[in-house]
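Structure first, commentary second.
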Amino acid sequence: MRRLPFLSIALLVLAMTVACDRFRPPKLIIFDTICTDTLIGEADQAIYGTIGEKSTMQTLYLHTYDDTMAFRLVNPQILGRYTVGDKVAVVPCGEAMANKVVDITSLMQEWGTRDSLKIPHGFAIEADGKIRTINNNTGRLYHGWELVNGRLALSHNNGKAKTDTIADTMDILKLTPDSLVIGDSIRAYRYGCIGEKISTSGKKSRRRR
């Protein structure tokens with residue numbers, strides 16, 4: 001009979017603990033940002049900068065905002081004909097290694113086709129992520145662009161809601177001074193250069209042959 005007081009006290013402490021847990025605020029759940037990016041959109045792992053001197057077909061020196069990085073090119077996909085000073089996107093595939101280089105300077109041109117009267121129709125990829133339409137009254141009108149892991153994302157307004165912006169993400173299949181081929185899993189789009197190369201400052205310059 002002497003154990004009953006101790007049993008009563010233990011039950012009382014247990015009841016108080018349960019009551020406190022019921023009023024304790026729930027724990028904050030923190031989601032990993034990488035997982036969030038994977039669910040919402042593709043995270044861009046590319047590194048941007050300008051081509052440095054001593055760069056070769058095997059080793060690329062990249063001047064970034066505050067550093068100079070060296071990459072060993074491993075079976076690389078080279079899109080464009082980069083030279084020293086060109087702005088590029090480098091897609092890494094390991095520590096100090098890369099397997100894709102996109103020459104942004106080569107990409108910034110007026111692209112499209114010419115009709116039977118030799119009038120150009122297409123678009124211009126300009127600085128600051130802008131796209132300028134060239135005599136294009138039909139088809140999809142793009143107004144912005146960006147690179148995501150070496151792929152080209154073209155922004156346009158949703159036809160049903162003009163204020164909503166969506167993007168078509170394309171693989172860059174070919175990039176030379178005279179031609180641009182982009183595509184997805186369904187089709188490919190081929191364009192020729194119809195104007196002058198546009199510098200990263202937004203001004204036109206002579207095309208590099």
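Nothing in this text is a laboratory measurement; each read-out follows from the coordinates by a stated rule. No experiment lies behind these values; they were computed from the predicted model shown. Reconstructed Cβ throughout: ideal geometry from the backbone, glycine too, with neighbour counts over all protein chains shown.
Write out the chymotrypsin sites (Phe, Trp or Tyr not before Pro) in segment 41-79 meeting two conditions: DSSP loop, and at most 12 other Cβ atoms within 10 Å of their Cβ.
Answer in residue order: TYR65.
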q = 0.12, 0.13, 0.20, 0.22 Å⁻¹: log10 I(q)/I(0) that the Debye formula gives for segment 47-103, counting C-alpha atoms only: -0.20, -0.24, -0.59, -0.73
Length released on extending from ARG187 to HIS156, taking residue separation times 0.36 nm less the Cα-Cα span: 9.3 nm
Sparsely packed GluC sites (Glu not before Pro) within segment 87-140, loop by DSSP, other Cβ within 10 Å at most 16: GLU95
Spin-label model distance (nm) - LEU173 vs MET57, 7 Å beyond Cα toward Cβ: 2.4 nm
Theoretical FRET efficiency, 1/(1+(r/R0)^6), r = Cβ-Cβ of TYR48 and HIS121, R0 25 Å, to 0.05: 0.25
Estimated FRET transfer efficiency when R0 is 35 angstrom, pair ILE134-VAL84 (beta carbons, to 0.05): 0.70
